[in-house]
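Derivation of every value follows stated rules applied to the coordinates shown; laboratory data play no part. As the structure is a computational prediction, the values presented were derived from the model and not from experiment. Note that we place each Cβ from the backbone using ideal geometry, even for glycine, and neighbour counts take in every protein chain shown.
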Amino acid sequence: MQVHLYDSSAQVGQAAAILIGAQLIGKPGSVLGLATGSTPIPTYRELIRMHRAGAVDFSSAVSFNLDEYCRLPEQHPCSYHYFMRNEFFNHVNFAPSNTHMPNGNAVDLLAECARYDQVIAKAGGIDLQLLGIGRNGHIGFNEPSDQFVYGCHVVKLTPSTIQANRRFFDTEADVPREAISLGIGSIISAKRIVLLATGYDKAQAVCRAIREDIDPATQASILRTHPDVIFLLDRAAASKL
């Protein structure tokens, strides 16, 4: 595991964008695992800038997003489909058929989970997985548990995650209680993992993931078993290390 510290969230985003850009230069048809939330927004903005400058080309790339809320319409401003279009896909040259997200409105959610894992496998697996980390140490929507779940699955969101996501919705009651998430096995099968963390509210989770035992109570701790993981942290997120 490599850990790199930066003075600001903007610098974290720039560093992540450089890694993703280098991945695409080396392999234009790379399969990227993408994340949502406020943390990767600086990364997406820098990638958009690099694309507009002619430095990064997404035309041959494939993407798979980590997760999506269940029973939230794709056009809802808080859905991750909407987020990815608004923050990234509409501003770069991904082929629409090459961008993939779980269908949280599928009639059979378990079948959708199996389908999503199969599509990733058919694409050859993920070359570079971008991650954030939750305040409780979750990655994707893999919440604290007594086990690591391997494949894509339906997750019941914990109260802390619901509260953390409350700011995006009109009321707490509007926050979905379930989501589809890539499993831990799917995440750590990626060839390279880049985790971003910014802000003091992530410091305890980062410390547990890096310093404490590998434990499903802190799902991100499993990343220490991966041969190619990079943590990009601002100094606030690294303050408890």
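Which residue, of ILE184, ILE193, is without any contact (Cβ under 8 Å) to a residue 60 or more places away in the chain, of a type in the set (Val, Ile, Thr) and within 17 Å of ILE230 (Cα to Cα)?
Result of the check over ILE184, ILE193: ILE184.
Can you list residue pairs whose Cβ atoms sit under 7 Å apart, with the first residue in region 69-89 being touching a residue at least 24 places away in the same chain (Cβ under 8 Å) and within 16 Å of ASP174 (Cα to Cα) and the second being among the aromatic types (Phe, Trp, Tyr) and surrounded by fewer than 20 Cβ atoms within 10 Å (Cβ to Cβ)? Count only pairs 6 or more apart in sequence or on different chains.
Final answer for the pair search is GLU74/TYR82; CYS78/PHE168; CYS78/PHE169.
Based on what the data block shows, is ASP170 in contact (Cβ under 8 Å) with a residue 40 or more places away in the chain, surrounded by fewer than 20 Cβ atoms within 10 Å (Cβ to Cβ), more than 15 Å from GLU68 (Cβ to Cβ) and among the charged types (D, E, K, R)?
No: the conditions fail for ASP170.
Just to verify a result, which residue in region 116-131, among those that are among the β-branched types (Val, Ile, Thr) and over 14 Å from the mean Cα position of the chain (by Cα), is nearest to GLY185 (Cα to Cα)?
ILE120
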